[in-house]
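The values are calculated or read from the model by the stated rules, or taken from the named source; none is laboratory data. Please read all numbers here as calculations on a predicted model, not as lab measurements. Positions of Cβ are generated from backbone atoms using ideal geometry, with glycine treated the same way; all protein chains shown enter the neighbour counts. Each accessible area value is taken on the protein alone, full model and side chains, heavy atoms only, with ligands, DNA and RNA left out. Shrake-Rupley method; radii C 1.70, N 1.55, O 1.52, S 1.80 Å.
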Amino acid sequence: MYVMFSLEEKQEVTGGSSGIGKSIAVECFKQGAFITLLARNESRLVEAKKEIEKYAVNDKQVVQCISVDVSKDCASVERVIKQAQDKLGPVDMLVNCAGTSVTGKFEELGISNFEELMSVNYLGSVYPARAVITTMKERRMGRIVFVSSQAGQVGLFGFTAYSATKFALRGLAEALQMEVKPYNVYITVAYPPDTDTPGFAEENKTKNAEVTELEKLLVFFF
Ligand SMILES: NC(=O)c1ccc[n+]([C@@H]2O[C@H](COP(=O)([O-])OP(=O)(O)OC[C@H]3O[C@@H](n4cnc5c(N)ncnc54)[C@H](OP(=O)(O)O)[C@@H]3O)[C@@H](O)[C@H]2O)c1
């Protein structure tokens, strides 16, 4: 994904300490953006901040880190995002990238897998979006990106728990776009394919032989 920035644009990336979110943050930082990274693990946040800072294009740029679980409690997510905005100014673009995956047959997955994935992948995008939307509408500018997946466009064997959460993001995004377009606020949905990240490596550990073989076949269809 390529994002064009005006200098000093303020960007928040959930899941910005790893994988796709960290790469988006790097690309935006290279364009002069100020970055806020949100994720849970503090040491990974600090490492990501150091890595991103190497790409500064001016000496005013800032990377700030916030340790928060975006899926647990809307009020806490709103509070930390307000603190971030108090420091750096209102968010111009929010990228909702925090997410996780687990594969397995529908009846063999735990109900807790369905609950966790819906919490992180869906509600973990709703809460940050709620935290920034009012200010974006007031300022009549802003963009919110929801990172779905190719598994959010087509349901795949072994992905019942994951696909549903990524389809949900599309429904949310389409409905929200209708509400906010009059305010010059725009919604983007990203549908990445398999991407070599720490998260993808974790997902691969949950794949049984059936899922792996079917994935190989599906490469010919997509
Ligand atoms: N990699 C792929 O092949 C692929 C393909 C399609 C879509 N995607 C989607 O792209 C997004 C990023 O995937 P990735 O592969 O880059 O994953 P990743 O390397 O595992 O990175 C996930 C990021 O999300 C954060 N995160 C996870 N749960 C969180 C929570 N509850 N609260 C706050 N932060 C949380 C992680 O940090 P902490 O663990 O420290 O919180 C980390 O920064 C996900 O939404 C994924 O579904 C990935």
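Counting only heavy atoms of the protein chains and using a 1.4 Å probe, residue 44 has close to 120 Å² of accessible surface. The magnitude of the dipole of the chain, with charges of +1 and -1 set on the Cβ of Lys/Arg and Asp/Glu and taken from the Cα centre, is near 640 debye.
Relative to the first principal axis of the alpha-carbon coordinates of the chain, what is the inclination of helix 42-53, with its axis defined by its Cα atoms, in degrees from 0 to 90 and to the nearest 10? Its long axis makes an angle of about 60 degrees. Helix 74-88 against the longest principal axis of the chain: what's the angle in degrees, Cα atoms only, rounded to the nearest 10? Between the helix axis and the principal axis of the chain, the angle is about 40 degrees. Database remark: amide H of residue 184 closer than 5 angstrom to no amide H (H placed geometrically; neighbours at sequence offset of 5 or more, or on other chains; Pro and chain starts carry no H). Across all directions, the average flat footprint of the convex hull enclosing the Cα atoms of the chain is 12.2 nm². Excluding ligands, DNA and RNA, the accessible surface per residue across segment 10-218 is 49 Å² with a 1.4 Å probe. Taking the Cβ of residue 158 as the centre, find all other residues whose Cβ is under 11 Å away and add up their charges (Lys, Arg: +1; Asp, Glu: -1). So the environment of residue 158 carries a net charge of -3. Summing charges over neighbours of residue 42, with a neighbour being any other residue whose Cβ is under 14 Å away from its Cβ, gives +2 when K and R count +1 and D and E count -1. The fraction of accessible area contributed by carbon and sulfur in the chain is 55 percent, rounded to a whole number (1.4 Å probe; ligands and nucleic acids excluded).
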